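Undergrad: So that we are looking at the same thing, I have put the structure below in structure tokens.
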Amino acid sequence: MRYWLLLGLFAFPQPIVVAQTHVTHGEVKAFIQQLEQSFNQQDITSYGNNLSEQFKVIVQLSPNDQITFDRRDFLSLVATGFKDNPSLTTKYALTKITNAGSATIVEGSSTETDGKETVRGRWRINLTKQGSQIVITQMELFQ
């Protein structure tokens, strides 16, 4: 009887489900495109849905000077930027994707313009999966 049970395990194996904690390269590209689209449509709700509740952004003004904002303050700044610059658009470019612990670290650059002035910057974000949703937990902005 015992051998039949063992044979049954091999004959009808149960699938082993491994939880995927990292965001795949394809998911990163789709996420960044969706984030860019939300920004360019000035859809603050969709843009905010991509940020975790614990989100924080670190703006590096110089190597020794930085400012940190929480999710609410950051979204308020973005909304003010949209209001003050209705033609503000951005273009994101990915430069590096690495996995670190349960996060996926994505580095890239952005070009923002309002039709008169263009600002270029570099950024690094930490992406994690919360259920089936991908969210940004931390963002660093560099000039």
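The values are calculated or read from the model by the stated rules, or taken from the named source; none is laboratory data. Owing to the predicted nature of the structure, the values given are computational and were not obtained by experimental measurement. Backbone-built Cβ (ideal geometry, glycine too); neighbour counts: all protein chains shown.
Undergrad: Go through the stretch 105-124 and give me each residue that's in contact (Cβ under 8 Å) with a residue 24 or more places away in the chain and assigned to a loop (DSSP other than H, G, I, E, B).
TA: Within the stretch 105-124, D114, G115 meet the criteria.
Undergrad: Go over the candidates T68, T90 one by one and state the one that is hydroxyl-bearing (S, T, Y), touching a strand residue (DSSP E or B) at 6+ places or on another chain (Cβ under 8 Å), surrounded by 14 or more Cβ atoms within 10 Å (Cβ to Cβ) and at pLDDT 85 or above.
TA: None of the other options fit; the residue is T90.
Undergrad: Residue check, Q41 against (1) surrounded by 11 or more Cβ atoms within 10 Å (Cβ to Cβ); (2) touching a residue at least 12 places away in the same chain (Cβ under 8 Å); (3) over 24 Å from T128 (Cβ atoms), all met but one. Which one?
TA: Among (1) surrounded by 11 or more Cβ atoms within 10 Å (Cβ to Cβ); (2) touching a residue at least 12 places away in the same chain (Cβ under 8 Å); (3) over 24 Å from T128 (Cβ atoms), Q41 violates only (2).
Undergrad: Can you pull out every residue in the stretch 98-110 that is at pLDDT 95 or above and either more than 20 Å from Q143 (Cα to Cα) or loosely packed, with under 15 Cβ neighbours inside 10 Å (or both)?
TA: Answer for the stretch 98-110, where residues must be at pLDDT 95 or above and either more than 20 Å from Q143 (Cα to Cα) or loosely packed, with under 15 Cβ neighbours inside 10 Å (or both): just S109.
Undergrad: I've got another one for you. When you check Q60 against the structure, is it farther than 20 Å from K29 by Cβ and among the polar types (S, T, N, Q), yes or no? Even if it seems obvious, please write down each step before you answer.
TA: On the way: farther than 20 Å from K29 by Cβ: yes; among the polar types (S, T, N, Q): yes.
For Q60, the condition - farther than 20 Å from K29 by Cβ and among the polar types (S, T, N, Q) - is met.
Undergrad: Now, a different point. Within the stretch 59-73, is even one residue within 21 Å of H22 (Cα to Cα) and of a type outside the set (K, R)?
TA: Among the residues of the stretch 59-73, not one is within 21 Å of H22 (Cα to Cα) and of a type outside the set (K, R), which makes the answer no.
Undergrad: Is there a residue being loosely packed, with under 15 Cβ neighbours inside 10 Å, closer than 22 Å to T128 by Cβ and modelled with pLDDT under 90 anywhere in the stretch 4-17? Before the answer, list the steps.
TA: Initially, the stretch 4-17 is screened for residues loosely packed, with under 15 Cβ neighbours inside 10 Å, giving 4-17.
Next cut, closer than 22 Å to T128 by Cβ only: 17.
From what is left, the residues that are modelled with pLDDT under 90 are 17.
Yes, there is a match, as at least one residue in the stretch 4-17 is loosely packed, with under 15 Cβ neighbours inside 10 Å, closer than 22 Å to T128 by Cβ and modelled with pLDDT under 90.
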